[in-house]
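The structure under discussion appears below in the form of structure tokens.
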Amino acid sequence: MTLKDVCILIPTLNEEDAIAEVIGEFRAMGFEEILVIDGHSRDRTCERARAAGAGVVVQSGKGKGQALKEAFDLIESEQIVMIDGDGTYLPSEVGLLLDPVLAGRADHVMGNRFGNLQEGALTRLNSAGNRLINFVFRIIYDVPLNDILTGYRAFTREGVRRLDLTMTGFEIETEMTVDSVKKGLSILEVPITYRARTKGTRTKLNPVIDGARIIATIYRMAKTHNPLFYFGLMGTLFGMAGFLMGLFVVREWLGTRTEHLPLTILTSLLIIVGFQLFFMGILGDAVASMHREVLREIYKNQKKR
Ligand SMILES: Nc1nc2c(ncn2[C@@H]2O[C@H](COP(=O)(O)OP(=O)(O)OP(=O)(O)O)[C@@H](O)[C@H]2O)c(=O)[nH]1
Ligand SMILES: [Mg+2]
């Protein structure tokens, strides 16, 4: 196994002030296969990346997710490291991520930015948003990961091939993490450094819009992984609404003998729908566990062959 079997993958969009240094550091360490997947930068990112010794492909569509998916299909190296092109991650820490993959100890290694989060690297809003998102993830998926949105990761190509990625934007990291959990890849989290972006570069991430999209993705993907949570949450909301309305109806009747017929019907409907959703969750849960078992068997057999 040599560094020749490793591809360094860097998505970029207008990162002319940072990209050359990121590539240069990897080249200095002996990495030869460096692929920049560019999102139609309007600055000199592509020229600088080429001059620094990387292969450059301009993505066919839009968004970081679309870029990464397109790049994964192009890469033939056995191991893949992905890193942002904005200078926020340290190329010198690549060993932390790559070594476990090379040693066969993990299919997917994730760099935990909270390991060494430097001043100014995350705005207060982004930091709070990240922590909230990780908290929600841990509740739904019950996997002890601390930084599911990290942009510094290493994979085996085999691991990446097993992922079904559909998101085009900044939801891609969520999808990579969640689908790795669903597919049963061996995941490892290692603490890394996260710096403030290189001067002159600008974020493409909108904390409110992208944050909401990410939480929606986590919840939506729970439908097949944790149906009890997915349907249970909806069922609880319906049930609670029914319960509160019922409380009102009963109090009115006990107090003044006033009957609220339409509200009574609505109350019963809400409670019934709430219970039904809950039972759907229980059924879904059984189906999901059976499906997981089948997948595991199939994968085990594939590996044996
Ligand atoms: N190819 C491609 N790359 C993108 C696109 N959007 C962002 N990127 C790159 O993806 C990486 C991450 O984007 P950032 O804007 O830094 O987002 P972030 O790291 O989540 O947020 P910050 O904390 O603000 O750095 C950077 O290298 C961007 O240049 C895109 O649409 N296409
Ligand atoms: Mg960044």
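The values are calculated or read from the model by the stated rules, or taken from the named source; none is laboratory data. Remember, predicted model here, so these are calculated numbers, not experimental data. Reconstructed Cβ throughout: ideal geometry from the backbone, glycine too, with neighbour counts over all protein chains shown. The area values use the complete protein model at the heavy-atom level, side chains included, leaving out ligands, DNA and RNA. Shrake-Rupley method; radii C 1.70, N 1.55, O 1.52, S 1.80 Å.
Below are the figures for this structure:
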| quantity | calculated |
| --- | --- |
| Extreme residue, farthest from ligand 1 (Cβ to nearest atom), among residues of region 187-208 that are more than 17 Å from E175 (Cα to Cα) and among the aliphatic types (A, V, I, L, M) | V190 |
| Residues being touching a residue at least 12 places away in the same chain (Cβ under 8 Å) and surrounded by fewer than 23 Cβ atoms within 10 Å (Cβ to Cβ) - total across region 69-86 | 10 |
| Counted residues, region 62-97 - those being more than 17 Å from the chain's Cα centre (by Cα), near ligand 1 (Cβ under 8 Å from one of its atoms) and not in a loop (DSSP other than H, G, I, E, B) | 0 |
| Test: G30 is open to solvent by less than 50 Å² (accessible area, probe 1.4 Å), more than 27 Å from G200 (Cα to Cα), outside any strand (DSSP E or B) and not hydrophobic (A, V, I, L, M, F, W, C) | yes |
| Pair list, Cβ under 6 Å, 6 or more apart: region 142-170 residue closer than 15 Å to R131 by Cα, other residue within 16 Å of ligand 1 (Cβ to nearest atom) and open to solvent by 40 Å² or more (accessible area, probe 1.4 Å) | N146/F114; D147/F114 |
| Helices (runs of 4 or more DSSP H) fully within region 193-305 counting 1 or more residues that are of a type in the set (D, E, K, R) and in contact (Cβ under 8 Å) with a residue 60 or more places away in the chain | 207-225, 261-304 |
| Single residue of region 224-273 satisfying the filter (among the polar types (S, T, N, Q) and within 28 Å of D142 (Cβ to Cβ)) that is least open to solvent (accessible area, probe 1.4 Å) | N226 |
| Subset of region 48-61 [surrounded by 19 or more Cβ atoms within 10 Å (Cβ to Cβ) and outside any loop (DSSP other than H, G, I, E, B)] | R48, A49, V56 |
| Residue count for region 200-245, restricted to those that are within 16 Å of ligand 2 (Cβ to nearest atom) and in contact with a helix residue (DSSP H, G or I) (Cβ under 7 Å, 6 or more places away or on another chain) | 3 |
